[in-house]
Amino acid sequence: MIRFEQVSVRYEGAERPTLSGIDLTVPEGELVLLVGPSGVGKSTLLGAVSGLVPHFTGGRLSGRVTVAGRDTRTHKPRELADVVGTVGQDPLSHFVTDTVEDELAYGMESLGLAPDVMRRRVEETLDLLGLAGLRDRPISTLSGGQQQRVAIGSVLTPHPKVLVLDEPTSALDPAAAEEVLAVLQRLVHDLGTTVLVAEHRLERVVQYADQVVLLPSPGAAPVMGAPADVMAVSPVRPPVVALGRLAGWEPLPLSVRDARRRATGLRERLADRRPPAAPAPARTLVSPLPAAPAPARRGALARLLGRGTHTAAPVPGPAVDVPARVEDLGVRRGRVEALRRVTLSVAPGETVALMGRNGAGKSTLLGTLVGMVEPTAGTVLVGGRTPHRTPPREMVRRVGLVPQEPRDLLYADTVAAECAAADTDAGAAAGSCRELVSKLLPGVPDDTHPRDLSEGQRLALALAVVLTARPPLLLLDEPTRGLDYAAKARLTGVLRGLAADGHAIVLATHDVELAADLAHRVVILADGEVVADGETRQVVVSSPAFAPQTAKILAPQEWLTVAQVRDALEER
């Protein structure tokens, strides 16, 4: 169905090709998973299938890519639309209409399908993806995960022969991700659709793949084979595979069920050991930075979040007992009650993971803490200030937010210019931001334009920009979206260091592995209300939806991560 024949792609100004000598065949009617570290060219390879590379992205493509017999060099994306459906990393870039139902119908209208066919397919897709209750909602009012499902649905309705998906579950909660993957399986098994997926959260996807294609490094030849065989040599692997490699299981398990069947011996080896207690948060409060002059740079969200403010060298300001306190918070958006009766406090040095299904109110809660959303009831205090009543140039020295869309914070032409502006805005020593970028994103040249970075790389750059100011309260909305396991480990190390220094951190995340590894507390929201709030192990182990893979495999023992198991075995 998809054939790559000695395909290479080089972008203008790049020192080396992003892809080089790619030669592989994706069979018809299979789900093929594309894996590899961030920046190895996965998105470029997917774009070559849909024709976006090079017709839309530019660059030079040599060799030949054919899809259902059509050469993508001579067929532009619109001429492949009836055979290839594509969902990129950013769902917002796909939308051309205002409401969910209209968006699902748009692709079929472009192909000239009959109205009765369109109506039937829209209804089928609404049911498949759990969107029936959102059919009349404006897309702009949906959560990030809901928008992701709409984007997937919009390319499903024309019934293409090939689906190309870039990080399709990155913004979805665990239950919604399982629903989407079940739909993809049904399309593959029942309709013979060929599905090519790039995904960093392998713990969600690898068990469903028929084959895996590994891009080990930029420009390297791909490795294609059975999932267990490729995972045995892959530098990126989900916890279930890492635990299998640690325990010496052959063949490697790909699902929790397979791993549990083999885990009896491992449980016996761990029977006289106890998982380590969660470290107590540091209680030293970080002093806020001094106020800055009025924002001067472009970008509405960047100005609102304080980017472009220029401060003098940091001077200790008045300290407060608790970085953030929320009491009986309510937020209403039109007819939707986004939050109700939310009470929450975050202590210095504490890392709190906000979890819950898409639309539960996690991003809205972060918005109230930074002053972007005005409460309709209750009180919010951050650093002793009411956020929505405090000028952004004053709030930025107390709280920093990394939003779901990192491009909202990035406006310079190069990585070096972004870092220089971040140093100036924060009053930090020259090179502070670049040092953080090197930790989170090693190997990226200074002259790289942010738009040429992958989604995960842009997120890492935005993180570095916000972390440069070292705010006492740090808010992150889906911080691991688009990050591979190595990048996530580096991020975890940086955040642990900030928490140890007294920074309070609140993460809104669907990444159960990140919460298990990093958070002191987990707060679960449902329909705008807090339904659980407690120590991480206590909350996640008892939750089938939010338990990490290691906890599911070794239950009833309460191990959360592979690293904890490795340390216990080494001590033994």
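The values are calculated or read from the model by the stated rules, or taken from the named source; none is laboratory data. As the structure is a prediction and not an experimental result, all values here were calculated from the model. Heads up, the Cβs are rebuilt from the backbone with ideal geometry, glycines too, and the neighbour counts pull from every protein chain shown. Surface accessibility is based on the protein's heavy atoms, side chains included, excluding ligands, DNA and RNA. Shrake-Rupley method; radii C 1.70, N 1.55, O 1.52, S 1.80 Å.
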Check your understanding: Limited to the stretch 509-552, what total is found for residues that are of a type outside the set (D, E, K, R) and closer than 27 Å to GLU327 by Cβ?
Key -> 23
Revision key, fill the gap. How many residues of the stretch 324-345 are in contact with an Asp or Glu (Cβ under 9 Å, 6 or more places away or on another chain) and either surrounded by fewer than 24 Cβ atoms within 10 Å (Cβ to Cβ) or among the β-branched types (Val, Ile, Thr) (or both)? The answer is 9
Practice item. Kindly list the number of the only condition in (1) within 27 Å of ALA545 (Cα to Cα); (2) open to solvent by less than 30 Å² (accessible area, probe 1.4 Å); (3) hydroxyl-bearing (Ser, Thr, Tyr) that fails for THR193. Key: (1)
Check your understanding: Residues of the stretch 84-111 being within 21 Å of LEU184 (Cβ to Cβ) and among the charged types (D, E, K, R), which ones?
Key -> ASP90, GLU103
Review point. Within the group LEU142, LEU131, LEU191, which residue is modelled with pLDDT of 85 or more and either under 24 Å from ALA487 (Cβ atoms) or not acidic (Asp, Glu) (or both)?
Key: LEU131
Point to revise | Residues that are hydroxyl-bearing (Ser, Thr, Tyr) and either over 28 Å from ARG201 (Cβ atoms) or surrounded by fewer than 13 Cβ atoms within 10 Å (Cβ to Cβ) (or both), drawn from the stretch 73-125 | key: THR74, SER93, THR97, THR99, TYR106, SER110
Review point. Residue check, SER154 against (1) at pLDDT below 90; (2) in a helix (DSSP H, G or I), all met but one. Which one?
Key: (1)
Study note, to complete from the structure: Picking from GLY482, GLY502, the residue that is more than 19 Å from CYS433 (Cα to Cα), open to solvent by less than 10 Å² (accessible area, probe 1.4 Å) and modelled with pLDDT under 85 would be GLY482
Review point. Regarding ALA429, is this residue surrounded by fewer than 24 Cβ atoms within 10 Å (Cβ to Cβ) and without any contact (Cβ under 8 Å) to a residue 24 or more places away in the chain?
Key: yes
Check your understanding: When only residues in the stretch 258-276 that are assigned to a helix (DSSP H, G or I) and in contact with a Lys or Arg (Cβ under 9 Å, 6 or more places away or on another chain) count, which is farthest from ASP484 (Cα to Cα)?
Key -> ARG269
Check your understanding: Out of all the residues in the stretch 492-499, is one or more surrounded by 23 or more Cβ atoms within 10 Å (Cβ to Cβ) and within 15 Å of the chain's Cα centre (by Cα)?
Key -> no
Exercise for review: Residue by residue through the stretch 13-37, note down the ones that are of a type in the set (Ser, Thr, Tyr), touching a residue at least 40 places away in the same chain (Cβ under 8 Å) and part of a strand (DSSP E or B).
Suggested key: SER20
**Study point:** Residue among ALA555, ALA516, ALA532 that is hydrophobic (A, V, I, L, M, F, W, C) and crowded, with 20+ Cβ neighbours inside 10 Å
**Key:** ALA516
Point to revise | Set ALA499, ALA504, ALA519, ALA545: member being farther than 30 Å from ARG398 by Cβ and of a type outside the set (S, T, N, Q) | key: ALA545
Exercise for review: Being assigned to a helix (DSSP H, G or I), open to solvent by less than 40 Å² (accessible area, probe 1.4 Å) and under 22 Å from ALA182 (Cα atoms) is the filter here, so list the residues in the stretch 126-146 that pass it.
Suggested key: LEU126, LEU134, GLY144, GLY145, GLN146
Review point. Of VAL40, VAL49, VAL65, which residue is assigned to a loop (DSSP other than H, G, I, E, B), hydrophobic (A, V, I, L, M, F, W, C) and within 22 Å of MET224 (Cβ to Cβ)?
Key: VAL40
Check your understanding: Among the residues of the stretch 346-360, how many are within 25 Å of the chain's Cα centre (by Cα) and either without any contact (Cβ under 8 Å) to a residue 12 or more places away in the chain or open to solvent by 10 Å² or more (accessible area, probe 1.4 Å) (or both)?
Key -> 4
Review point. Looking at this structure, is ALA422 within 25 Å of ASP166 (Cβ to Cβ) and open to solvent by less than 20 Å² (accessible area, probe 1.4 Å)?
Key: no
Practice item. Name the residue, out of GLU435, GLU418, that is touching a residue at least 24 places away in the same chain (Cβ under 8 Å), part of a helix (DSSP H, G or I) and over 30 Å from VAL180 (Cα atoms). Key: GLU418
Point to revise | Listing of helices (runs of 4 or more DSSP H) fully contained in the stretch 518-572 that carry 2 or more residues being acidic (Asp, Glu) | key: 562-571
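Conditions (1) open to solvent by less than 10 Å² (accessible area, probe 1.4 Å); (2) at pLDDT 90 or above; (3) assigned to a strand (DSSP E or B); (4) not β-branched (Val, Ile, Thr), marked per residue:
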| residue | (1), (2), (3), (4) |
| --- | --- |
| ALA177 | yes, no, no, yes |
| ARG186 | no, no, no, yes |
| ALA221 | no, no, no, yes |
| MET224 | no, yes, yes, yes |
| VAL230 | yes, yes, no, no |
| SER234 | yes, yes, no, yes |
| GLY244 | yes, yes, no, yes |
| LEU252 | no, yes, no, yes |
Review point. MET118 is checked against (1) assigned to a loop (DSSP other than H, G, I, E, B); (2) more than 29 Å from the chain's Cα centre (by Cα) and fails just one. What number does that condition carry?
Key: (1)
